[in-house]
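These notes are about the structure you will find just below.
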Amino acid sequence: MPAITVDDIMVLPRLPRPDVTQTQRPVRRIVTADRQREGAGFEVTRPFPSVDLRTADPFILLDQMGPVAYEPYEAKGAPWHPHRGFETVTYMLDGTMVHHDSQGGGGVIGEGDTQWMTAGSGMLHDELPEEKLVISGGTFHGIQLWVNLPRATKFATPRYQDLRASELTLVSSHDGGALLRVIAGELAGFAGPGSTYTPIIYAHASISQGAQLETPWPADYTALAYVLAGEGTVGTDRRPIGAGQLAVFGAGEAVTLAADPEQHTTTGDFEVLLLGGIPLREPVIQYGPFVMNSREEIITAIEDFQAGRMGTVPAEHSSGLRLGE
């Protein structure tokens with residue numbers, strides 16, 4: 001980590017510094033992520049949903065997978081399982097991941113790449129470490145984000161987006177102290193390549209030691225900052241935050257983060273994900289891999305899955321199914 005960088009940050013376009021008339025967002029709370037096992041037994045660090053943060057509308061779940069150094073034949077993934085009603089976004093920082101789905105989509109993503117799967121009306125997929133990583137072992141680090149779909153697009157036609165590292169929009173902070181990779185949405189006029197049904201911003205910031213990141217933020221969006229690595233502060237009142245913690249910002253038009261003068265990270269930077277979106281403010285009923293608006297819709301999703309109406313595993317990949325992830 002980071003998955004993609006530049007030799008000279010000063011050649012990049014720059015984010016505008018928030019105007020003095022733009023209100024800084026206060027920090028409402030800082031949540032420490034839980035650790036648990038998912039899929040075939042790999043460990044994730046999950047800030048939400050959790051006891052401390054049950055909802056992050058319009059997002060459903062955020063999992064940090066790793067960083068971990070796998071021994072040969074130790075790496076695990078999530079075998080075939082269904083999804084309906086939302087989008088799964090996997091962003092790789094180290095290592096490789098292989099994706100297959102019942103629509104014929106998929107591929108291999110490596111450092112800096114993103115796979116964006118819109119489950120919509122329902123599909124089956126798996127996500128597994130690349131065979132070479134399984135056999136030889138190695139470093140693995142990725143992020144999975146679940147983005148809710150509004151009621152009107154819960155049954156959208158499934159689709160798959162393969163976003164390469166070279167497609168990400170790279171910008172610097174106004175003074176060159178931070179590098180931002182915009183994956184999806186538009187941040188201060190800079191748009192990422194990811195196409196979304198739900199209006200969101202998804203970006204990865206690397207803030208240099210002792211530097212500060214100030215950026216405008218849409219007033220009608222929620223605002224979250226999750227620390228991947230390093231130590232720093234959030235908000236103008238400089239509340240301390242570190243790896244595995246999530247800051248939830250209140251209302252306003254700008255956010256501020258700062259890196260501590262010393263960073264004990266592999267990159268030497270304070271690594272943070274910036275997330276936000278327009279809240280859907282709709283009922284959310286989740287049962288494992290299904291996210292719908294009512295209990296009845298969940299029951300229908302289970303019945304459709306069991307009846308094969310979400311697709312079938314291609315013959316060359318047929319090796320059983322999991323209900324859940």
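Structural remarks
- Taking other residues whose beta carbon is less than 11 angstrom from the beta carbon of residue 164, and scoring Lys, Arg as +1 and Asp, Glu as -1, yields -4.
- The distance linking the range 41-119 with the range 174-224 is 21 Å (Cα centroid to Cα centroid, whole angstrom).
- Whether the range 45-140 is rounded, prolate or oblate, judged on the alpha carbon gyration tensor where a/c under 1.5 counts as rounded: oblate
- Estimated from the Cβ-Cβ distance and a Förster radius of 22 angstrom, the FRET efficiency linking residue 264 and residue 8 is about 0.30.
- Gyration tensor verdict on the range 125-202 (Cα atoms; rounded if a/c is under 1.5, prolate if a/b is larger than b/c, oblate otherwise): oblate
- Placing unit charges on each Cβ (+1 for Lys and Arg, -1 for Asp and Glu) gives the chain a dipole about its Cα centre, and among 187, 171, 108 the Cα reaching farthest toward its positive end belongs to 187.
- Label point distance in nm, residue 69-residue 287, each placed 7 Å from Cα along Cα→Cβ: 4.4
- ³J(HN,Hα) computed for each position of the range 208-219 - Karplus, 6.51 cos²θ - 1.76 cosθ + 1.60, integer Hz, glycine/proline x: 5, 3, x, 8, 10, 10, 10, 9, x, 9, x, 5
- Our coupling estimate for the range 221-226, obtained by passing each phi through the Karplus curve with A = 6.51, B = -1.76, C = 1.60 and θ = phi - 60°, is 9, 6, 9, 9, 9, 10 Hz, Gly and Pro reported as x.
- In order along the range 123-136, the Karplus-derived 3J(HN,Hα) couplings, from 6.51 cos²θ - 1.76 cosθ + 1.60 at θ = phi - 60°, round to 7, 9, 7, 9, 9, 9, x, 4, 3, 4, 5, 5, 5, 9 Hz, and Gly and Pro are given as x.
- Mean separation of Cα contacts under 8 Å, 6 or more apart, over the residue count of the range 173-325: relative contact order %: 22
- Computed about its Cα centre, the charge dipole of the chain is approximately 840 debye, with only Lys, Arg, Asp and Glu carrying charge at their Cβ.
- The chain - percent relative contact order, Cα under 8 Å, separation 6 or more: 22
- Long-range HN-HN contacts of residue 139 with modeled amide H, under 5 Å: 70
- Sequence-distant residues sharing a close amide H with residue 239 (under 5 Å, placed H): 234
- With a Förster radius of 56 Å applied to the C-beta separation of residue 312 and residue 220, the computed FRET efficiency comes to 0.85.
- Within a Gaussian network of the chain (alpha carbon springs, distance under 10 Å), most fluctuating of 57, 175, 237: 237
None of the figures in this text is laboratory data; all of them are computed from the coordinates on show. Since we're looking at a predicted model, the values are computed, not measured. When we count neighbours, we look across all protein chains shown, and the Cβ atoms used for this are built from the backbone with ideal geometry, even at glycine.
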